[in-house]
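Colleague: Before I ask anything, here is the structure I am working with.
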Amino acid sequence: MSAASADHGAAQAWIASAGMPLRGSLRVPGDKSVSHRAVMLGALAQGVTRVTGFLEGEDTRATARVFERLGVRIETPSASERIVHGVGLHGLRGIDAPLDCGNAGTGMRLLAGALAGQAFDSVLIGDASLSKRPMRRVTEPLAAMGARIDTDEGGLPPLRIHGGRALTGIEYTLPVASAQVKSALLLAGLYARGETVVHEPHPTRDYTERMLAAFGWPIDFSPGYARLSGGHTLRATDVAVPADFSSAAFFLVAASVVPGSELLLEAVGMNPRRTGLLAALRLMGANIVEENPRAEGGEPVADLRVRHAPLHGIEVPEALVPDMIDEFPALFVAASLAQGRSVIRGAAELRVKESDRIATMATGLRALGARIEETPDGAIIDGGALHGGEVDSHGDHRIAMSFSIAAQRASGEVRIGDVANVATSFPGFEALAAQAGMRVRAAE
């Protein structure tokens with residue numbers, strides 16, 4: 001494991017406690033999903049791509065480093081900006097050393113698709129957390145296209161990708177909706193003979209489809225469906241990355257549950273396949289208004305004004321689940337502070353994220369006094385008061401930040417263990433949280 005990967009395991013902790021009402025305006029970091037894809041497609045394009053609003057997180061930097069090691073020149077003229085000198089679809093140069101994806105599941109799965117059609121062999125590795133995440137659901141359909149990817153027992157990383165394989169497009173229906181798997185197949189489809197068609201049981205985020213179109217690749221897509229053929233060229237373009245909805249989600253929940261709050265979140269990405277939490281919070285009674293809707297870099301964007309409102313429990317519509325899969329830890333907190341019962345179903349994928357998010361959130365919230373019952377694909381949560389205590393995020397960045405939100409309504413201090421991985425998606429979270437009025441600090 002590289003030094004970079006070893007750093008992810010550093011034992012760090014936060015102390016969080018009730019702060020002030022959340023006030024003012026914030027711009028959260030750039031969208032992680034768009035940042036990953038902008039670097040990838042920029043690297044595989046002809047010409048120079050300028051990316052603004054790039055997320056300066058460890059996950060996205062890991063993806064950029066992988067492409068630099070494969071021979072792509074990437075400049076950083078200023079923070080949150082990248083200039084990617086594309087080498088074209090067949091211009092990458094293989095290396096003998098493993099390529100370290102750090103904690104980035106998106107990076108590893110998308111790279112598997114992009115590298116499956118190269119002439120050279122590749123090995124993708126990750127940190128301890130990523131090394132426990134299942135990859136078979138991406139390697140199996142890639143194998144059906146002609147790729148050869150070896151894994152460790154159980155379909156776990158490292159991924160050993162054999163080069164020089166002739167890929168053929170397939171028509172594939174995902175057994176479980178996943179934007180990462182869909183994207184990997186579409187990226188492999190760039191190198192495949194014939195058409196690659198992907199059907200989904202539920203629509204997922206269409207960042208890859210939108211960005212392929214922006215880079216000039218002919219693609220047909222609609223909710224739950226995407227189709228492209230190989231043999232075309234990606235052409236460089238400028239990409240403006242919107243603020244990450246998943247990062248904004250923590251502040252949407254915090255301002256909703258802390259009395260006296262009114263917070264403006266600027267230029268938040270509003271891709272309809274990403275904003276399920278917004279719909280769920282509104283069903284719970286949240287007061288969130290979209291202002292100044294516009295488009296940036298092909299993605300819908302708006303400023304979100306959120307004011308405190310009393311929340312009530314709901315049965316979360318299963319149709320919303322694919323559009324909020326990364327925001328469930330924050331929703332668990334909202335439900336634990338709402339009046340009445342909330343029921344979450346259809347979210348079994350949470351058990352194979354950076355941690356088992358159902359079990360980790362249930363255990364932590366119970367330690368703070370919440371009444372929560374796990375189910376195989378969700379939870380039943382009865383809202384009420386929270387007290388202080390000690391919780392473990394198990395190295396999961398979204399869970400660490402969600403517990404810090406819960407602490408804003410707890411009657412005592414909350415110690416949150418294993419928070420080093422927050423930097424993978426939200427560098428500077430503590431400073432921005434403090435700016436808004438929250439109390440989150442590093443433990444002594």
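Colleague: Determine, from the Cβ-Cβ distance of A79 and D220 and an R0 of 41 Å, the FRET efficiency 1/(1 + (r/R0)^6), rounded to the nearest 0.05.
Modeller: Values: r = 37 Å, r/R0 = 0.90.
The calculated FRET efficiency here is 0.65.
Colleague: How big is the Cα convex hull of region 32-240 in projection, averaged over all directions, in nm²? Present the calculation step by step, with values, prior to reporting the outcome.
Modeller: Numbers: hull surface 39.5 nm².
Mean projected area for region 32-240: 9.9 nm², to one decimal.
Colleague: Could I have the simple spin-label model distance between E195 and R23, label points 7 Å from Cα toward Cβ, reported in nm to one decimal?
Modeller: The answer from the label model is 5.9 nm.
Colleague: Under a point spin-label approximation (7 Å from Cα along Cα-to-Cβ), what is the E68-Q12 distance to one decimal in nm?
Modeller: Taking the simple label geometry, E68 and Q12 are separated by 2.0 nm.
Colleague: Right, next: So if I take the alpha carbon set of region 347-444, get Rg, then get Rh from the Kirkwood formula, what is the Rg over Rh ratio?
Modeller: Details: Rg = 13.3 Å, Rh = 13.8 Å.
Value, to two decimals: 0.96.
Colleague: For the chain, give the share of DSSP beta bridges that are antiparallel, in percent and rounded to the nearest 5; count only bridges with both residues there.
Modeller: Values: 58 of 79 bridges.
That works out to approximately 75 percent antiparallel.
Colleague: Also, I was wondering about something else. Across region 1-132, what fraction of all alpha-carbon pairs, as a whole percent, falls in each successive 10 Å bin from zero upward?
Modeller: 12, 38, 31, 12, 5, 1
Colleague: Within region 301-321, whose backbone N sits under 14 Å from a point 7 Å along Cα→Cβ of R341?
Modeller: 313-316
Colleague: How far, in degrees from 0 to 90, does helix 105-115 lean away from the longest principal axis of the Cα atoms of the chain, to the nearest 10?
Modeller: It is inclined by approximately 10 degrees.
Colleague: Using the count of nearby Cβ atoms within 10 Å as a rough guide to exposure, how do F251, F120 rank from fewest to most? Can you show the working numbers first?
Modeller: Values: F251 26, F120 15.
Fewest-to-most ranking of F251, F120: F120, F251.
Colleague: Still on this structure, please answer the following. Sorted by packing (mean other beta-carbon atoms within 10 Å per residue), highest first, where do 47-53, 151-157 land?
Modeller: Numbers: 47-53: 19.7, 151-157: 13.9.
By packing density, highest mean first, the sequence is 47-53, 151-157.
Colleague: For the chain, what is the calculated [θ] at 222 nm in deg cm²/dmol (nearest 500), taking -39500 (n - 2.57) for each run of four or more DSSP H residues and dividing by its residue count?
Modeller: Working: 13 runs with 129 residues, N = 444.
Calculated at 222 nm, the ellipticity per residue is -8500 deg cm²/dmol.
Colleague: Another question about this same structure. Could you tell me the convex hull volume per residue, in Å³, taken over the Cα atoms of region 164-214?
Modeller: Values: hull volume 4.1 nm³, N = 51.
That works out to 80 Å³ per residue.
Colleague: Then there is this: Quick one: net charge of A443's neighbours, Cβ under 14 Å, K/R +1, D/E -1? Don't jump to the answer; show the numbers that get you there.
Modeller: Working: positive: R415, R439, R441; negative: E390, D392, E413, D418, E430, E444.
Cβ neighbours under 14 Å give a net charge of -3.
Colleague: Based on alpha-carbon atoms only, what is the radius of gyration of region 265-346 relative to the globular estimate 2.2 N^0.38 Å? Don't skip to the answer; put the middle values down first.
Modeller: Working: Rg = 13.1 Å, N = 82, 2.2 N^0.38 = 11.7 Å.
Against the compact-globule rule of thumb, the ratio is 1.12.
Colleague: What is the extension gain from T151 to T168, computed as 0.36 nm multiplied by their sequence separation minus the C-alpha to C-alpha distance, in nm to one decimal?
Modeller: Values: separation 17, 0.36 × 17 = 6.12 nm, distance 2.15 nm.
Extending this stretch completely gives an extra 4.0 nm.
Colleague: Cα convex hull of region 283-425: mean projected area in nm², to one decimal? Let's see the in-between values first.
Modeller: Values: hull surface 35.8 nm².
Over all viewing directions, region 283-425 projects a mean Cα-hull area of 9.0 nm².
Colleague: Still on this structure, please answer the following. Report the semi-axes of the equivalent ellipsoid for region 99-196 in whole Å, largest first, where each axis is √(5λ) for an eigenvalue λ of the Cα gyration tensor. Present the calculation step by step, with values, prior to reporting the outcome.
Modeller: Numbers: eigenvalues 81, 44, 23 Å².
The three semi-axes for region 99-196 are 20, 15, 11 Å.
Colleague: I've got another one for you. Tell me, what is the percent relative contact order of region 32-240, built from C-alpha pairs under 8 Å that lie six or more residues apart? Present the calculation step by step, with values, prior to reporting the outcome.
Modeller: Working: 489 pairs, mean separation 44.2, N = 209.
Answer for region 32-240 is 21 percent.
Colleague: OK, next. Suppose R0 equals 22 Å. What FRET efficiency, 1/(1 + (r/R0)^6) with r the Cβ-Cβ distance, do R351 and E390 give to the nearest 0.05?
Modeller: Values: r = 23 Å, r/R0 = 1.05.
So the FRET efficiency works out to roughly 0.45.
Colleague: May I pose another question? Using mean Cβ contacts within 10 Å as the protection proxy, how do 206-216, 326-336 order, highest first? Could you put the intermediate results ahead of the total?
Modeller: Details: 206-216: 21.9, 326-336: 28.5.
Listed from highest to lowest mean packing, they are 326-336, 206-216.
Colleague: At what distance in angstrom do the alpha carbon centres of region 30-56 and region 196-238 lie from each other?
Modeller: A separation of 16 Å, based on Cα centres.
Colleague: Also, quick follow-up: Treating the chain as a set of equal point scatterers at the Cα positions, no solvent, please give the Debye-formula log₁₀ I(q)/I(0) at q = 0.08, 0.09, 0.13 Å⁻¹.
Modeller: So the normalised log intensities work out to -0.42, -0.54, -1.13.
Colleague: Length gain on complete extension for the stretch F120 to R160, per 0.36 nm per residue less the alpha carbon to alpha carbon distance? Spell out each step's value before the answer.
Modeller: Working: separation 40, 0.36 × 40 = 14.40 nm, distance 1.11 nm.
Result: 13.3 nm gained on full extension.
Colleague: Dipole of the chain, Cα-centred, from +1 at each Lys and Arg C-beta and -1 at each Asp and Glu C-beta, to the nearest 20 debye? If you can, show how the numbers build up before the last one.
Modeller: Details: 43 positive and 50 negative charges, 88 e Å.
Here the size comes out at about 420 debye.
Colleague: Say each of D382 and E413 gets a label point 7 Å from the Cα, pointing the same way as Cα to Cβ; how far apart are those two points in nm?
Modeller: It works out to 3.1 nm between the two label points.
Colleague: Could you list the square roots of 5 times each eigenvalue of the Cα gyration tensor of region 201-290, that is, the equivalent ellipsoid semi-axes, sorted largest first and rounded to whole Å? Don't jump to the answer; show the numbers that get you there.
Modeller: Values: eigenvalues 228, 50, 10 Å².
Working through the eigenvalues yields semi-axes of 34, 16, 7 Å.
Colleague: Calculate I(q)/I(0) for region 44-108 by the Debye formula, one identical point scatterer on each C-alpha and no solvent, and give its log10 at q = 0.17, 0.29 Å⁻¹ to two decimals.
Modeller: -0.60, -1.31
Each reported figure results from applying straightforward, stated rules to the coordinates on display, with no laboratory input. Every value quoted in this text rests on a predicted model; they were computed, and no experiment measured them. We place every Cβ from the backbone using ideal geometry, glycine too, and count neighbours over all the protein chains shown.
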